[in-house]
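Since the structure comes first, as structure tokens, the remarks are kept for the end.
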Amino acid sequence: MIVGGSLVGMSTALLLGHHGIRALAVEHHRGTAIHPRAAQISQRTMEVFRTVGVEQIVRRESDKQFVQDGAINAVESLAGKEIAAYIPNLNDGVRDVSPTIRLFITQSLLEPLLKQRAQELGAELRFGTEMISCEQDADGVTATIRDRDSGRTEAVRARYLVAADGARSTLRERLGIPMLGHGTFSNSITIYFRGDLGPLLRGRNLSVIYITNPELRGFFRLEKPFDRGFLVVNAVGDPAHPVTDVSAGLSDEKCIAYIRCAIGDDQVPITIENVMHWNARADVAEHLRAGRIFLAGDAAHVMPPNGGFGGNTGVQDAHNLAWKLAMVLKGQAGAELLASYEPERRSAAAFTVEQAYSRYVTRSAPYLGTEGMQPVENDLNIELGYCYYSDAIIPDSDERPAHLNPRESRGRPGTRAPHVWLRRGSEQLSTLDLFGGNFTMLAGPEGSSWCEAAREAAAQTGIELDIHRLETQGALADPERAFPAAYGITPGGAVLVRPDGFVAWRAQSAERASAPQLSGALTSILCRKA
Ligand SMILES: Cc1cc2nc3c(=O)[nH]c(=O)nc-3n(C[C@H](O)[C@H](O)[C@H](O)COP(=O)(O)OP(=O)(O)OC[C@H]3O[C@@H](n4cnc5c(N)ncnc54)[C@H](O)[C@@H]3O)c2cc1C
């Protein structure tokens, strides 16, 4: 069962469906998102969408809404001078690391696409339904849910529960799990408005436009054809001693004044559509699990939107958790596999939260100071380079970097398996297209002994394994012979990749290829009794 059917709850339902588990998700709201909210989608999230068959439709819909490959920069005002260029082109210098791209699509457009696919895969989504209480025992969770329209209540029994109930998670509160971090640093607002800002863009392709001037700090995001969008306001007044409670005493006149200040033009007619109030904070839950209940998304970590990481991090929680729940529920893994969720996702989330905070301070709130702030890391490390350490990974080195540049992780256990273009007949596909269902063994061109061992290990353990030897020619070919170097192995080596596309185990060469080696590795990764 999933509580919350927004971006993260919906993604969890979709990913569980992909692994053959029919989940029930309950959502308080009567439908999918009505506000645009999150829009910057990372390559990693697009890779997840590719696995579940929605990448192409997301790309098409994104095209309708945003100009692709926009810049992220800072200006004094839309009409005023440029201050900084953080990312000159969203996809420059990152296209080689993934079969897909970064893009923008608003939650209001994305969620219906995820909903449709989740339902196709068997998820039961109940909107206008809230969870009002929940108890857990040794075998499962019993939740009471209420239909908001009829008032009818019902008890639901589930083996596990995913709390994707957002930043104000009542489930997290009931479990008594504290949030740790920087706390709240602004009561911010998002003003949704209409107004023809196209001429002020002066032909610039801008995806996110930070505004920094003596009166206001925040950012714009504008949709095609640049006659609507939103302005986030984080702080107003003296930059050294700003007013950070922007939310208090708000009126339409004040909102229009903020927009005029941010565009630097008094003439453009502006209509306010809506205002959202939210806390800018940077915190991670002390624990992501209590027994049979798992926290995911904003329930587990809250970060300022600077960097566009919040929703993406939640989708990665869902991606990490779904295959583990599925394998445990199908009896293919020991229940202890679920213990790996917290160490893997909490450290990735903590790193990401700090990076969002660092971007908030450097881009919008220098008054907070750099003490205790982590240096700003490359966005690629945040999106694709976080490293996992848990019992579901068998390391082959003593080093424990928190993150790596994805061009340098090279198949190291605990990192995302790298993208290499392959050929199957006339079709071009990525190594990433081989992952997502079962565990996958990829062997180098001289790794036939590993393939043989993998077939035996699969038969011995009853674990379904997809096994591929990547030769220069053949049914599945690595024409450039790029695979061994990309995965840090010799042509006789092999890697075992988890259903979430993370390398779980690696052998540099064919030297010790044997079925017992692999059976042992699988038994250990899946926390099965030997
Ligand atoms: C201005 C702004 C811009 C942003 N831009 C980006 C971006 O570009 N990229 C990005 O990745 N992130 C972005 N974010 C962050 C992103 O919006 C959030 O991280 C994301 O929406 C979190 O999704 P969630 O599903 O975890 O939580 P939520 O979206 O908060 O959903 C929780 C859901 O749970 C439901 N719920 C709660 N309690 C119950 C209950 N008891 N029973 C039933 N339902 C319940 C709620 O109704 C709600 O729909 C942005 C945030 C803001 C404020």
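The single residue among Ala25, Ala38, Ala74 that is closer than 26 Å to Val275 by Cα, open to solvent by less than 10 Å² (accessible area, probe 1.4 Å) and not in a helix (DSSP H, G or I) turns out to be Ala74. Do the conditions hold for Ile132, that is, is it without any contact (Cβ under 8 Å) to a residue 24 or more places away in the chain and either within 14 Å of the ligand (Cβ to nearest atom) or in contact with a strand residue (DSSP E or B) (Cβ under 6 Å, 6 or more places away or on another chain) (or both)? So Ile132 passes the test.
Considering the conditions (1) within 16 Å of the ligand (Cβ to nearest atom); (2) buried (at least 16 other Cβ atoms within 10 Å of the Cβ); (3) of a type in the set (A, V, I, L, M); (4) not in a loop (DSSP other than H, G, I, E, B), Ile177 is excluded by exactly one of them, (4). Contact annotation: residue pairs with Cβ atoms under 7 Å, 6 or more positions apart or on different chains, pairing a residue in the range 423-443 that is of a type in the set (D, E, K, R) with a partner that is not in a loop (DSSP other than H, G, I, E, B), are Arg423/Ala477. Reported count of residues in the range 285-306, each being closer than 15 Å to Ser169 by Cα, under 18 Å from the mean Cα position of the chain (by Cα) and open to solvent by 30 Å² or more (accessible area, probe 1.4 Å), is 1.
The residues of the range 219-257 that are more than 22 Å from Tyr86 (Cβ to Cβ) and surrounded by 23 or more Cβ atoms within 10 Å (Cβ to Cβ) amount to a single one, Val246.
Scanning the range 26-69 for residues that are within 12 Å of the ligand (Cβ to nearest atom), within 22 Å of Gly307 (Cα to Cα) and either at pLDDT below 95 or over 20 Å from the mean Cα position of the chain (by Cα) (or both) yields a total of 7. Within the range 197-219, one or more residues are within 23 Å of Ser364 (Cα to Cα), aromatic (Phe, Trp, Tyr) and part of a strand (DSSP E or B). Every listed requirement among (1) away from the ligand (no atom under 16 Å from the Cβ); (2) surrounded by 24 or more Cβ atoms within 10 Å (Cβ to Cβ) is met by Leu15 save one, (1). A Cβ distance below 7 Å, combined with a sequence gap of six or more or placement on separate chains, defines the contacts here; from the range 228-240, residues that are at pLDDT below 95 reach residues that are away from the ligand (no atom under 15 Å from the Cβ) and open to solvent by 10 Å² or more (accessible area, probe 1.4 Å) in the pairs Arg228/Arg194.
For Val503, the criteria (1) within 30 Å of Leu321 (Cα to Cα); (2) part of a loop (DSSP other than H, G, I, E, B); (3) of a type in the set (A, V, I, L, M, F, W, C) hold in every case but one, which is (2).
Somewhere in the range 359-370, is a residue within 21 Å of the chain's Cα centre (by Cα), open to solvent by 20 Å² or more (accessible area, probe 1.4 Å) and at negative phi?
From the range 359-370, those within 21 Å of the chain's Cα centre (by Cα) are 359-360; that's our starting set.
Subsequent filtering for residues that are open to solvent by 20 Å² or more (accessible area, probe 1.4 Å) retains none.
Within the range 359-370 (the criterion being within 21 Å of the chain's Cα centre (by Cα), open to solvent by 20 Å² or more (accessible area, probe 1.4 Å) and at negative phi), the answer is no, since none of the residues qualifies.
The values are calculated or read from the model by the stated rules, or taken from the named source; none is laboratory data. Everything numeric here is computed off the predicted structure, so don't read it as measured data. Reconstructed Cβ throughout: ideal geometry from the backbone, glycine too, with neighbour counts over all protein chains shown. Each accessible area value is taken on the protein alone, full model and side chains, heavy atoms only, with ligands, DNA and RNA left out. Shrake-Rupley method; radii C 1.70, N 1.55, O 1.52, S 1.80 Å.
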